[in-house]
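Peer 1: This is the structure, below, for whatever I ask next.
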Amino acid sequence: MRRASLTITTDVDGNGIGYLVSVGSGVDCGYIRAIRYVKNNYDNGVGVVITGEISGIAILTIANMNATVTKFPRGSASKQVDGTDAEYASGYPVKVLIPIVNERIKVVVSSGGDTKTGLFHIWIG
């Protein structure tokens, strides 16, 4: 497992985009294990959308963040029969790790305030 870090600085409109890359190859392969947002000086209410740059695979979306937080994103497993979300017998959804293969991880920040920064750590393995 490895951890990569990324600092994103917003523009005057409070928006920013950053790309997380592995050391060496510039792209990543593995499963997303955890994401930690470390609040520096973004305004309260910041929004974050994290996806695979090429595939667009959804990794994590959070609106209105106000403090440092760690998340463990998972996707919904699908039934082979009809593609609907799989559930355990108790009705709870089956969650699976999110794969990332040969692409950078794209982090989009909105409503962060004029020229402010935040730090993101992403564990992949």
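Values quoted throughout were computed directly from the atomic coordinates according to the rules given, and no laboratory measurement underlies them. Everything numeric in this text was worked out from a predicted model, so none of it was measured. Note that each Cβ is placed from the backbone with ideal geometry, even for glycine, and that neighbours are counted across all protein chains shown.
Peer 1: Using 0.36 nm per residue, how much length does the chain from Val94 to Arg36 gain when fully extended, once their Cα-Cα distance is taken away?
Peer 2: 18.6 nm
Peer 1: Hey, another quick one. Tell me the relative contact order for segment 2-124 as a rounded percent, counting alpha carbon contacts under 8 Å between residues six or more apart.
Peer 2: Working: 307 pairs, mean separation 58.8, N = 123.
Rounded, it is 48 percent for segment 2-124.
Peer 1: Out of Gly113, Gly14, Gly56, any idea which swings most in a Gaussian network model of the chain, alpha carbons joined below 10 Å?
Peer 2: With Cα springs under 10 Å in the chain, the top fluctuation among Gly113, Gly14, Gly56 is at Gly56.
Peer 1: Follow-up question, since we're still on this one. Within straight cross-link reach of Lys79, meaning Cα distance under 18 Å, which lysines are found once same-chain residues fewer than 8 apart are removed?
Peer 2: Filter leaves Lys95.
Peer 1: Using the Cα centre of the chain as the reference point, and only Cβ charges (+1 on K/R, -1 on D/E), how large is the resulting charge dipole? Debye, rounded to the nearest 20.
Peer 2: Dipole about the Cα centre, nearest 20: 500 debye.
Peer 1: Identify which of Tyr88, Tyr19, Tyr31 has the largest mean-square fluctuation in a Gaussian network model of the chain, with springs joining Cα atoms closer than 10 Å.
Peer 2: Top of the fluctuation ranking is Tyr88.
Peer 1: Follow-up. Residue separation times 0.36 nm, minus the C-alpha to C-alpha distance between Arg2 and Thr68: what's the value?
Peer 2: Roughly 21.7 nm would be gained on extension.
Peer 1: Please name which of Thr84, Thr51, Val38 has its Cα lying farthest along the dipole of the chain towards the positive end, using unit charges on Cβ (Lys, Arg +1; Asp, Glu -1) and the Cα centre as origin.
Peer 2: Result: Val38.
Peer 1: Same structure again: Points 7 angstrom from Cα along the Cβ direction at Val108 and Thr61: gap in nanometres?
Peer 2: 1.0
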